[in-house]
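The values are calculated or read from the model by the stated rules, or taken from the named source; none is laboratory data. Quantities reported herein were computed from a predicted structural model and do not represent experimental measurements. With ideal geometry, Cβ positions are generated from the backbone for all residues, glycine too; neighbour counts draw on all protein chains shown.
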Amino acid sequence: MSRVGNSPVALVDGVSWEIKGQLVTVTGPLGSLSMTVDTGMSLKELDGQITVSRATESRRHRELHGLTRSLIANMIEGVTQGFQKVLDVVGTGYRVENHADGIVMQLGFSHPVIFANREGIELVVVGQNQVTVRGIDKELVGRTAAELRSIRPPDAYKGKGVRYAGETVSLKPGKSAIGAGVGG
């Protein structure tokens, strides 16, 4: 029994959805998203809510039941409110600037790193040390933020690098702390 899959998804005002075969399209004020649903899943609208049901009790259909419902809920939230991830750039001399093709990041390399704009993603530079990744597709926003972070992940000793806002980085003690009997 899937508790997530059995709960209906509420349709918000201003959002319309249509299904053609296995292709589900959700349209809202911020844009439109499409997804192909597995053949074992069926969608129905009743009283302004979308319900997802599965064809059989096979393991595969049980696995896809909650996933399909969550993806549709994320599509509805994306076309109404959108998603965003905030990244902080931490380190002496590390900074981010707008560029014609996207953003330019100075991250301690011998060269600046240019991160190109992506379709469906908005990169907003706040100050010199913060980047906000915005979009309507939750997966694309998360993947873009992860790619930005992977350019220079936080260092384990000084904490320098690109990290998510609010992410805590546990720092390792350096050699001098270990030699002084602190790290053991």
Can you find a residue in the range 33-41 that is part of a loop (DSSP other than H, G, I, E, B), surrounded by 15 or more Cβ atoms within 10 Å (Cβ to Cβ), of a type in the set (A, V, I, L, M) and not assigned by TED's automatic domain parsing to the domain that holds I136? yes
Considering the range 150-165 alone, what residues qualify as being in a loop (DSSP other than H, G, I, E, B), small (G, A, S) and either within 15 Å of the chain's Cα centre (by Cα) or closer than 18 Å to I103 by Cβ (or both)? A165
Please go through the range 18-28 and give me each residue that is at pLDDT 90 or above and surrounded by 13 or more Cβ atoms within 10 Å (Cβ to Cβ), ordered by number. V24, T25, V26, T27, G28
Subset of the range 67-93 (residues that are of a type in the set (S, T, Y) and touching a strand residue (DSSP E or B) at 6+ places or on another chain (Cβ under 6 Å)): T68, T80
It is to be established whether one or more residues within the range 118-139 are surrounded by fewer than 18 Cβ atoms within 10 Å (Cβ to Cβ) and assigned to a helix (DSSP H, G or I). yes
Got a sec? Which of H65, H99 is at pLDDT below 95, buried (at least 16 other Cβ atoms within 10 Å of the Cβ), assigned by TED's automatic domain parsing to the domain that holds I50 and more than 19 Å from the chain's Cα centre (by Cα)? H65
Which one of the conditions (1) of a type in the set (S, T, N, Q); (2) outside any strand (DSSP E or B); (3) closer than 22 Å to V141 by Cα does T92 fail to meet, given that it meets all the rest? (3)
So, in the range 68-89, exactly how many residues are part of a strand (DSSP E or B) and within 16 Å of the chain's Cα centre (by Cα)? 6
Taking interchain pairs and intrachain pairs at least six residues apart, which have beta carbon atoms under 6 angstrom, with the first residue in the range 28-53 and hydrophobic (A, V, I, L, M, F, W, C) and the second in a loop (DSSP other than H, G, I, E, B)? L30/G82; L30/I136; V37/Q22
